[in-house]
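Notes follow the structure.
The values are calculated or read from the model by the stated rules, or taken from the named source; none is laboratory data. Note that this is a predicted model, so its numbers are computed, not measured. In this analysis, Cβ positions are derived from the backbone assuming ideal geometry, glycine residues included, and neighbour counts consider all displayed protein chains. Accessible surface areas use protein heavy atoms only, side chains included; no ligands, DNA or RNA. Shrake-Rupley method; radii C 1.70, N 1.55, O 1.52, S 1.80 Å.
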Amino acid sequence: MEVVQAFMATNPSAPIACLTREQPGPGGYAARNLGIETANAEWIAFLDADDEWEPGFLATVARTAESFGEDHGVIFGSRNIVGRGPQPFLQTSHNTADETVSLDFAEFLQLWRALGRCPVWTSATAIRAADLKAAGLFPACRCKRGGDKDTWARVIEKTKAVAVSEV
């Protein structure tokens with residue numbers, strides 16, 4: 001919090017808000033929901049504390065959102081996993097290298113089965129705020145684990161997703 005507040009002090013025009021709660025809340029999902037409810041941007045991108053974005057991530061999101069239009073409310077990419085073994089490894093968002101793929105809900109579920117894991121990784125994802133809100137946000141107070149996957153499924157059921165090959 002101190003680092004963010006110092007950045008805000010030296011960059012007063014930066015669109016950043018520090019959100020705090022007086023009472024401890026019901027966990028990370030509630031914190032995400034507070035951020036989503038407070039944000040005034042069309043798209044919400046997530047970055048967990050132990051992850052980092054590649055320099056072009058937000059540009060990829062913006063370009064993809066513009067290309068696919070209003071009926072696509074979820075964009076997710078591939079990820080490099082570092083620190084789990086001697087070498088980093090690429091975990092792709094889908095089975096088609098170097099392509100961007102549009103997915104409806106049935107296609108998303110087929111991809112999930114084909115990969116044997118959820119194709120969406122929180123820190124490689126951006127979702128239109130209105131679609132998140134329409135799907136009911138994250139399941140604060142309803143589950144301790146798996147809430148991200150629950151959220152992705154509920155949102156993609158209401159809109160289409162785009163899987164990009166970029167990290």
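Assorted remarks:
Results for (1) open to solvent by less than 60 Å² (accessible area, probe 1.4 Å); (2) touching a helix residue (DSSP H, G or I) at 6+ places or on another chain (Cβ under 6 Å); (3) assigned to a loop (DSSP other than H, G, I, E, B), shown as yes or no for each residue.
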| position | (1), (2), (3) |
| --- | --- |
| ALA9 | no, no, no |
| ALA14 | yes, no, yes |
| ALA31 | yes, no, no |
| ALA49 | no, no, yes |
| VAL61 | yes, no, no |
| THR64 | yes, no, no |
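- Of the residues in the stretch 139-148, not one is touching a strand residue (DSSP E or B) at 6+ places or on another chain (Cβ under 7 Å), assigned to a helix (DSSP H, G or I) and either surrounded by 20 or more Cβ atoms within 10 Å (Cβ to Cβ) or among the small types (Gly, Ala, Ser) (or both).
- Top-ranked residue in the stretch 75-133 [being open to solvent by 70 Å² or more (accessible area, probe 1.4 Å) and within 19 Å of PRO55 (Cα to Cα); ranked as modelled with the highest pLDDT]: TRP121
- Test: residue in the stretch 112-119 that is of a type in the set (Phe, Trp, Tyr), within 29 Å of ALA30 (Cβ to Cβ) and touching a Cys at 6+ places or on another chain (Cβ under 7 Å): yes
- Criterion (touching a strand residue (DSSP E or B) at 6+ places or on another chain (Cβ under 7 Å) and either part of a helix (DSSP H, G or I) or touching a residue at least 60 places away in the same chain (Cβ under 8 Å) (or both)) met by exactly one of VAL162, VAL120: VAL162
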